[in-house]
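Single-structure report; data block below.
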Amino acid sequence: MLTQPEPDLNPFTNVPTGLALEDPVHSVSLQQFVYEKLKAQQCMMGDQGFGVLMETVDTELVRQLQEFLKGF
């Protein structure tokens, strides 16, 4: 009887290494993802609506987001 070889498991996640490497978290830039999501929301709401929404966000979080997204 032939058996399948055991997949190499990532010791931190117990997920097969090949599968873990296919996960978008390893191939998508977090900065690009956040920027695109915020831009899409701005397009859906319009500049004024998005501005009103952002005024409800904690100012420290906005500062950190701006720092994180520098260059985009």
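On the principal axes of its alpha-carbon atoms, the stretch 29-68 has extents of 26, 21, 9 Å, going from largest to smallest. In plain terms, the chain from Asp58 to Asp23 could stretch by 9.5 nm, reckoned as 0.36 nm per residue minus the Cα-Cα distance. When the charge dipole of the stretch 22-72 is built from unit charges on Cβ atoms (+1 for Lys and Arg, -1 for Asp and Glu) and taken about the Cα centre, the candidate among Gln32, Phe72, Thr59 whose Cα reaches farthest toward its positive end is Phe72.
Coordinate-derived values only; no laboratory data. Note that the structure is a prediction, hence the values are computed from the model and not measured. Every residue, glycine as well, gets a Cβ built from its backbone with ideal geometry; the counts of neighbours run over all protein chains shown.
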